[in-house]
């Protein structure tokens, strides 16, 4: 996965703890100051070497509390990718950018940097029903909140992409009886939220009455 702006909302120590507990790599090539974030990984699939570079939005310092990103730097995506493309030139057949920078910024990145094969994006909650192609770069984004599953099928010839097809599959709950164990968990937290909301409303009502 790539770190997004909300991964920083609870502070750097919580982020580091979450990364250390994850059973998969967490990426952030343009983030300086969080040593546990990897700039990229290389996966091999049927003899095809796929480099995955992670990008985090430069807006993170203004979309979370400043104390959460104190001492960190969020570098420009285009400059970051250019640097790693040079490093990966002889090590990868396909370059995929896993981005949390927003759809329009993804498009700008594809226009500025040649050599990116695929951008799988996020952050802007954009519904991209069919892959967008900018130059030779394929851009996809699967909307928001787990409402759909993005599917991208790539056809390769001699390690190069010659065809790309994609679509979104709507995610629906299974019909039938609810799971009792899951329902109990949901209900427990719902009651906590309702209680918190009610007490907050009561405090606001009391303040309003005092002001009156």
query: Failed condition for residue 133, given (1) outside any helix (DSSP H, G or I); (2) at pLDDT below 90, with all others met?
result: (2)
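Based on this model, can you work out whether residue 125 counts as loosely packed, with under 15 Cβ neighbours inside 10 Å, under 18 Å from residue 4 (Cβ atoms) and either assigned by TED's automatic domain parsing to the domain that holds residue 63 or more than 15 Å from the chain's Cα centre (by Cα) (or both)?
yes
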statement: Filtering the range 166-183 down to residues that are surrounded by 10 or more Cβ atoms within 10 Å (Cβ to Cβ) and at pLDDT 90 or above yields 166, 167, 168, 169, 171, 183
task: Determine which single condition residue 103 fails, assuming it passes every other condition in (1) over 17 Å from the mean Cα position of the chain (by Cα); (2) in contact (Cβ under 8 Å) with a residue 12 or more places away in the chain.
output: (1)
message: Looking at the structure I just gave you, is residue 31 under 20 Å from residue 166 (Cβ atoms) and modelled with pLDDT of 95 or more?
response: no
- prompt: Restricting to the range 98-130, what's the tally of residues that are under 23 Å from residue 59 (Cβ atoms) and either assigned to a loop (DSSP other than H, G, I, E, B) or modelled with pLDDT under 95 (or both)?
  reply: 10
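The values are calculated or read from the model by the stated rules, or taken from the named source; none is laboratory data. The structure presented is a predicted model; accordingly, all values stated were derived computationally and were not measured. Backbone-built Cβ (ideal geometry, glycine too); neighbour counts: all protein chains shown.
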